[in-house]
Amino acid sequence: MPVALTIAGSDSGGGAGIQADLLTFAAHRVHGTTVVTALTAQNTVGVSASLTVPPDFITAQLDAVTADFPVAAAKTGMLGGPEQLAAVAAGAPANLVVDPVLVATSGARLYTGDPRDYLRLLGPVTTVFTPNLPEAELLLGRPLSTRADREEAVRELARHGPRVVVLKGGHDSGDEAVDVCWLEGRVTDLRARRITTGNTHGTGCTFSAAVTARLAHGDHVGAALAAAKRYVTAGLRAAATRRLGAGAGPLDH
Ligand code: PLP
């Protein structure tokens, strides 16, 4: 069984973070290992408290996992703060998917440092970079309203090191959810019919975990992105009318 690693925060509500990543890894039949970077007290309504793990303990977890398991691919989610991000940048394995988790949908801040740390410190060791629209706007410091803005954005983000960039369009409107990608030196799209639902909590975590799982199986990166897009769309569709908690519920796995 291939081994994947998630380096991310815990969501006590089980919808996002480490919990969503392990559900996604299990659904893809890869063994999931974990480096916990932060804890959140969280449910479908919001985040009431969070706590970061000391950077030395992040390094200890990374060392323990990579010393014993043949980690074929890894991802990062919530890192919490700049010291945690630096510890991950120093010890992250190859084949790394980076989801720049900055702010929760509910508005809670999940990264206390300068968003550009993601580009400066993690960019050079990133294989696939997966910001959503609000995150990319924070990283680049400008609105990304038009198609031309977004094509320029993926080119610019790739100049910081990632081989592949997926600018996720789920926060936009329209009949289709369109992700603009920088893949093999050119701009391409990932498209799926938009699923209208309030149950979108954990969508970003799940997408990056599915890409990681497919990379761990040895997929070519383009195939991994397409499979991950299908997995998230199916998970959204299956949970679209479910009621779980009073706020934004999780997708299905
Ligand atoms: N909590 C944790 C631990 C996360 O890793 C993430 C996202 O990556 C979130 C919350 C945010 O999820 P959402 O924006 O779907 O609420």
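Which number in (1) of a type in the set (S, T, N, Q); (2) at pLDDT below 95; (3) in a helix (DSSP H, G or I) marks the one condition that T105 misses?
Of everything listed in (1) of a type in the set (S, T, N, Q); (2) at pLDDT below 95; (3) in a helix (DSSP H, G or I), T105 misses just condition (3).
Test A72 against the criterion of being out of contact with any strand residue (DSSP E or B) (no Cβ under 9 Å at 6 or more places or on another chain), of a type in the set (G, A, S) and closer than 20 Å to A8 by Cα, and give yes or no.
On the way: out of contact with any strand residue (DSSP E or B) (no Cβ under 9 Å at 6 or more places or on another chain): no; of a type in the set (G, A, S): yes; closer than 20 Å to A8 by Cα: yes.
Criteria not met by A72.
Is at least one residue of region 115-131 within 12 Å of the ligand (Cβ to nearest atom) and within 15 Å of the chain's Cα centre (by Cα)?
Of all residues in region 115-131, those within 12 Å of the ligand (Cβ to nearest atom) come to 130-131.
Now restrict to residues that are within 15 Å of the chain's Cα centre (by Cα): 130-131.
Checked region 115-131: at least one residue is within 12 Å of the ligand (Cβ to nearest atom) and within 15 Å of the chain's Cα centre (by Cα).
Taking A248 as meeting all but one of (1) small (G, A, S); (2) more than 16 Å from the ligand (Cβ to nearest atom); (3) modelled with pLDDT under 95; (4) surrounded by 22 or more Cβ atoms within 10 Å (Cβ to Cβ), write down the number of the exception.
Failed condition: (2).
Can you give me the ranges of the strands (runs of 3 or more DSSP E) entirely in region 1-83 with at least 3 residues that are closer than 19 Å to H201 by Cα, hydrophobic (A, V, I, L, M, F, W, C) and within 12 Å of the ligand (Cβ to nearest atom)?
The qualifying strands (runs of 3 or more DSSP E) are 31-42.
What are the pairs with Cβ atoms under 7 angstrom where one residue, in region 175-203, is farther than 22 Å from A223 by Cβ and the other, located anywhere, is assigned to a loop (DSSP other than H, G, I, E, B) and of a type in the set (D, E)? Sequence gap at least six, or different chains.
R194/D175
Which of the residues that make up region 167-214 are more than 30 Å from H31 (Cβ to Cβ), within 16 Å of the ligand (Cβ to nearest atom) and β-branched (V, I, T)?
If the condition is that a residue be more than 30 Å from H31 (Cβ to Cβ), within 16 Å of the ligand (Cβ to nearest atom) and β-branched (V, I, T), then T197 is the only one that fits.
Contact list please: Cβ distance under 7 Å, first residue in region 130-159 and assigned to a helix (DSSP H, G or I), second residue hydroxyl-bearing (S, T, Y), pairs at least six apart or on different chains.
So the pair list comes out as L139/Y118.
The values are calculated or read from the model by the stated rules, or taken from the named source; none is laboratory data. This structure is a prediction, so every number in the text was calculated from the model and none was measured. Cβ coordinates were reconstructed from backbone atoms using ideal geometry, including for glycine residues, and neighbour counts include every protein chain displayed.
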